[in-house]
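First up is the structure itself, then whatever we jot down about it.
The values are calculated or read from the model by the stated rules, or taken from the named source; none is laboratory data. Since the structure is predicted, the reported quantities are computational estimates derived from the model, not experimental observations. Ideal geometry is used to build each Cβ from the backbone, glycine not excepted, and the neighbour counts take in all protein chains shown.
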Amino acid sequence: MREAAERLLFAETLEEKLLLAPAQLADDAPGAAILTPEKPGRPQELRINAKGVRVDFPGIHRLDDDRERGVMLHFLANHELLAAELMALVLLKFPDAPAEYRAGVYAAMREEQMHTLMYVRRMRECGIQFGELPVNDYFWRLIAPMETPVDFVTRLNLTFEQANLDFSKHYAGLFRQVGDTATAAVLEKIYQDEIGHVGHGLKWFRHWKERGSSDWQAYSKALVFPLTPNRAKGLAPFNVEGRRLAGLDEDFIRHLEVSEQSRGRTPVVHWFNPSAESYAMSDRHQPDKTAVALAEDLEMLIATWCRKDDVALLRKRPGHEHLMNLKRAGFELPEIATVDELRGRKLGGLRPWAWSPDAGRYLKPLAAEVSAGVAWQWREAPRDWFSKEIGIRLEERLGLMERGCVCRSVEEAQSAIDALLLSGQALAKAPFAHAGRGHRRINRESPIEATRNWLANTIAAHGCVIIEPWLERVIDFSALYEMDAGGCAELIGLTLMDNDAAGRFLGTRVSPKWASMLDPEVAAFLHRDAQVMAWYQEKIPAVFAELLPGYVGPLGVDAMVYRRADGPLALKHVVELNVRMTMGRVALELLQKSAPNRQGRFRILRKGREEIPEGGGSLQGGVILINDPAQAREFVAVWEVL
């Protein structure tokens, strides 16, 4: 057995490497353990580089083209040869491993040699010679440094060979569909053998793993980055049947099916911190039960805006069944991780809901891991960017005359209120409140003492109060932007907000054609009289760079159409400026993921107060519950494709 392994690992001709030894060989002279060679012996045209060679899987662009098939088979033949070489390395590196284990590795090694031979013969028929194209060393780099047999079992058997349960079965079917029965037969044979290889590895993994831990727990713990459970899934439909045949249990299969991680693109890290304004208001902020519930219940909203291969930092992992529901609905799930798990990994940026002080503290340990040159570096925005004062400053820069005023004393606020009461009503706003909370409507009948007490308490907590006229709203809408490192802000879209009578957020409606959601009178006013697109595409974003120097990320401008006392409609261009993600942006991101030419409605419902609809819809149509209502304490996010 040792002689067969040495020949396979060190031979420098393909004929020697693929020369099959007898199926039954003695293992009575395993010899001393060898040191891992820098690389296996290879003929010149197939040599791998110790510095690493990146050769991406060519994919299948034309299944009916011989050369395309040959290129794919060349890639796969190298993987089979590497697997055989690594199995030979196991026999030479771990001579003291159990005899039964070594016998299983030897049998698998012979099968890998046969797989390589089958691929080589088939690729020759397609006009490609083995060695004609570059070969990568990915398997060797990740598996050869193994220190114990269990490292080999987890890295090759339970990761790469498990992934081949998906790939080989799926592509065998594709080739058979186009009439290439020869290639299909090769892949079907390999699929059957891989079931046995995974099963052999699983048997010994269970023998060696820590007692008391599940297969999934032990496997996840055993892998060392860049290997992760996600690598145990092929770039093909997830094959539950093959995994069951290999002996994997249902718990392992369920966990793996929803496990995600980047396969190459450096991931962007997302964190949901919806109480940004409160943390900006005070370093001593302690969230109440409702704020904690909001953060924990709705953090899966990250899945609505992040890209495939991104990372979600979650306080609590969602249940498996809910993650599967989201996958069935059409979502590509992010990797779920903690800050500690990301230390030492190269990251493509940090994207919290808002760069408030809580995000700055929480994400700072990852600042050094972010790649240089990407826009989304670690930062902490000035606290006043989370105050309603920033909206007043925006109005000032735009030259808008009808704007609120910032009052820093009760007397100043009362004077502003008295002036407004001469012709109407007043609205007082707590600067760091959000989602329409912290508002107080004041008219001539309002108790003076109660109003003064509210003003005094608000100024003491927030540093000031915003006073503006009360307006008879007709519609609320929002303009959403993305600002780049050069200070350019792109309009992502406009949404309609559903607010209650006091202006508190209830939900958002979105459509590919924003005007189609508007009442004809309102639509005519906005586009003809108010020149709405000129304002929100040109004038307003033109001042962001000066107003928010250095900011990179999402922005939202809330606005309102209201009716004047004498009848005509009017536009309040800026109700608030939100220097963060917003629920309106969430709705727009959901719309982009959904079926084309469909409208959508996004809502946040309160458990026990509002009826939670049945989910079961998809991004093609129907209702999707973004977070798990069974786990949620208070809040359930609902997306409906209309």
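What is the number of the single condition among (1) at pLDDT 95 or above; (2) surrounded by 16 or more Cβ atoms within 10 Å (Cβ to Cβ) that residue 244 does not meet?
(2)
For residues that are closer than 13 Å to residue 88 by Cα and either exposed (fewer than 13 other Cβ atoms within 10 Å of the Cβ) or outside the structural domain of residue 93 (by TED's automatic domain parsing) (or both), tally how many sit in the range 21-34.
Within the range 21-34, residues that are closer than 13 Å to residue 88 by Cα and either exposed (fewer than 13 other Cβ atoms within 10 Å of the Cβ) or outside the structural domain of residue 93 (by TED's automatic domain parsing) (or both) number 1.
Which condition breaks for residue 328 when tested against (1) of a type in the set (Lys, Arg); (2) outside any loop (DSSP other than H, G, I, E, B); (3) free of Cβ contacts under 8 Å to residues at least 24 places away in the same chain?
Among (1) of a type in the set (Lys, Arg); (2) outside any loop (DSSP other than H, G, I, E, B); (3) free of Cβ contacts under 8 Å to residues at least 24 places away in the same chain, the lone unmet condition for residue 328 is (3).
Of the numbered conditions (1) under 17 Å from residue 42 (Cα atoms); (2) of a type in the set (Phe, Trp, Tyr); (3) assigned by TED's automatic domain parsing to the domain that holds residue 230, residue 152 satisfies every one except a single condition; which is it?
(1)
Which of the residues spanning the range 408-420 are surrounded by fewer than 16 Cβ atoms within 10 Å (Cβ to Cβ) and either within 22 Å of residue 577 (Cα to Cα) or without any contact (Cβ under 8 Å) to a residue 40 or more places away in the chain (or both)? Steps first, answer last, please.
Taking the range 408-420 as the starting set, the residues that turn out to be surrounded by fewer than 16 Cβ atoms within 10 Å (Cβ to Cβ) are 408-409, 411, 415, 418-419.
Scanning the range 408-420 gives 408, 411, 415, 418, 419.
Can you tell me which of (1) over 15 Å from the mean Cα position of the chain (by Cα); (2) at positive phi; (3) surrounded by 14 or more Cβ atoms within 10 Å (Cβ to Cβ); (4) not hydroxyl-bearing (Ser, Thr, Tyr) is the one residue 309 doesn't meet?
For residue 309, the failing item is (1).
Residue-wise test of (1) outside the structural domain of residue 33 (by TED's automatic domain parsing); (2) under 29 Å from the mean Cα position of the chain (by Cα); (3) surrounded by fewer than 17 Cβ atoms within 10 Å (Cβ to Cβ).
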position: 124; (1), (2), (3): no, no, yes
position: 127; (1), (2), (3): no, no, yes
position: 131; (1), (2), (3): no, no, no
position: 134; (1), (2), (3): no, no, yes
position: 162; (1), (2), (3): yes, yes, no
position: 165; (1), (2), (3): yes, yes, no
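Whether any residue in the range 549-569 is part of a loop (DSSP other than H, G, I, E, B) and closer than 15 Å to residue 395 by Cα is what I want to check.
The answer is no, given that none of the residues of the range 549-569 is part of a loop (DSSP other than H, G, I, E, B) and closer than 15 Å to residue 395 by Cα.
Among the residues of the range 286-300, are any of a type in the set (Ser, Thr, Tyr) and under 19 Å from the mean Cα position of the chain (by Cα)? Spell out the reasoning first.
Filtering the range 286-300 for residues of a type in the set (Ser, Thr, Tyr) gives 290.
Next, from what is left, pick out any that are under 19 Å from the mean Cα position of the chain (by Cα): none.
No: zero hits.
Output yes when any residue across the range 333-345 is of a type outside the set (Asp, Glu), farther than 17 Å from residue 589 by Cβ and at pLDDT 95 or above, and no when none is.
Restricting attention to the range 333-345, the residues satisfying the condition of being of a type outside the set (Asp, Glu) are 333-334, 336-339, 342-345.
Narrowing the set further to residues that are farther than 17 Å from residue 589 by Cβ leaves 336-339, 342-345.
Filter once more, keeping what is at pLDDT 95 or above: none.
No, every residue in the range 333-345 fails to be of a type outside the set (Asp, Glu), farther than 17 Å from residue 589 by Cβ and at pLDDT 95 or above.
State the number of residues belonging to the range 572-625 that are among the β-branched types (Val, Ile, Thr), assigned to a loop (DSSP other than H, G, I, E, B) and over 22 Å from the mean Cα position of the chain (by Cα).
1
Among the residues of the range 203-211, are any surrounded by fewer than 19 Cβ atoms within 10 Å (Cβ to Cβ), of a type in the set (Phe, Trp, Tyr) and at pLDDT 95 or above?
Yes, the range 203-211 has at least one match.
Take the conditions outside the structural domain of residue 346 (by TED's automatic domain parsing) and under 21 Å from residue 319 (Cα atoms) and apply them to residue 235. Does it pass?
Answer is no for this residue.
How many residues does the range 77-132 contain that are outside any helix (DSSP H, G or I) and over 25 Å from residue 66 (Cβ atoms)?
Here is the first cut: in the range 77-132, the residues outside any helix (DSSP H, G or I) are 94-98, 126-132.
Within this subset, residues satisfying the condition of being over 25 Å from residue 66 (Cβ atoms) are 94-98.
The qualifying residues number 5.
I'd like to verify a number: residues in the range 380-407 that are surrounded by fewer than 17 Cβ atoms within 10 Å (Cβ to Cβ) and out of contact with any helix residue (DSSP H, G or I) (no Cβ under 7 Å at 6 or more places or on another chain), how many?
Residues in the range 380-407 being surrounded by fewer than 17 Cβ atoms within 10 Å (Cβ to Cβ) and out of contact with any helix residue (DSSP H, G or I) (no Cβ under 7 Å at 6 or more places or on another chain): 6 in total.
Considering (1) touching an Asp or Glu at 6+ places or on another chain (Cβ under 9 Å); (2) crowded, with 20+ Cβ neighbours inside 10 Å; (3) farther than 28 Å from residue 313 by Cα, say which one residue 200 fails and leave the rest.
Only one criterion in (1) touching an Asp or Glu at 6+ places or on another chain (Cβ under 9 Å); (2) crowded, with 20+ Cβ neighbours inside 10 Å; (3) farther than 28 Å from residue 313 by Cα is unmet by residue 200, namely (1).
Before we move on, is residue 254 of a type in the set (D, E, K, R) and more than 27 Å from residue 631 (Cα to Cα)?
So residue 254 does not fit the description; no.
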